[in-house]
Ligand code: AMP
């Protein structure tokens, strides 16, 4: 299987080629078509399997295929929200979004705690298509009214098992209450405990299941 067999838009394939990737990894070969179809997904994948491109490439494709949305103030609205357990992972994932999306007219932003709110508020004011965030800071912004998640179409929980291990379950539930009910949801986890299965039951609607 080649990347060109997956139906991804040419600007994405070009960015992938520039990375020197020749063939999709097993998780990519399975996740990319599933996400492109628009349904929910539950994927078992460890770090190092190429899971980030597995959700980022089809996410970029889907967003680029549609017009940007505007919020009530006329700014580009957040259409994709990716939650990660740590700031390091958030930064890495957003870097991937930039790398694979470099030839697309989409914008992204990373948001995590432990740094000033104001630069993040300034960035949000300019509008952003794809937000990569850790849960705590995301909720801080929501409480302050500096964040509008009402137009999220795709929601990704990356390393969901680590999020639960780190005690983020309540934060995740709060985020789920804020984002629209009708959306595409993708859950990535290295392990499938009963807690993850319960979260998946709550979040996902007839998900495709992938394990590598
Ligand atoms: P991840 O599991 O998403 O953290 O990715 C692990 C590493 O694999 C990253 O450094 C990626 O740049 C790299 N990678 C992702 N997809 C491919 C691919 N199809 N071929 C070669 N390397 C890849």
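A short reminder: the numbers here are calculations on the coordinates, not readings from a lab. A quick note: this is a predicted structure, and the numbers were derived from the prediction, not measured. So basically every Cβ, Gly included, is an ideal-geometry build from the backbone, and we count neighbours across all protein chains shown.
For the condition outside any strand (DSSP E or B), farther than 22 Å from residue 44 by Cβ and in contact with a strand residue (DSSP E or B) (Cβ under 7 Å, 6 or more places away or on another chain), what is the one hit in 138, 104? Full working, then the answer.
Working: 104 fails: in contact with a strand residue (DSSP E or B) (Cβ under 7 Å, 6 or more places away or on another chain).
So the residue among 138, 104 that is outside any strand (DSSP E or B), farther than 22 Å from residue 44 by Cβ and in contact with a strand residue (DSSP E or B) (Cβ under 7 Å, 6 or more places away or on another chain) is 138.
Mind checking which helices (runs of 4 or more DSSP H) fall wholly inside segment 1-85 and carry at least 3 residues that are farther than 19 Å from residue 106 by Cβ, touching a residue at least 12 places away in the same chain (Cβ under 8 Å) and more than 11 Å from the ligand (Cβ to nearest atom)? Please lay out each step first, then the result.
On the way: elements: 10-18, 26-36, 51-64.
Hits in segment 1-85: 26-36.
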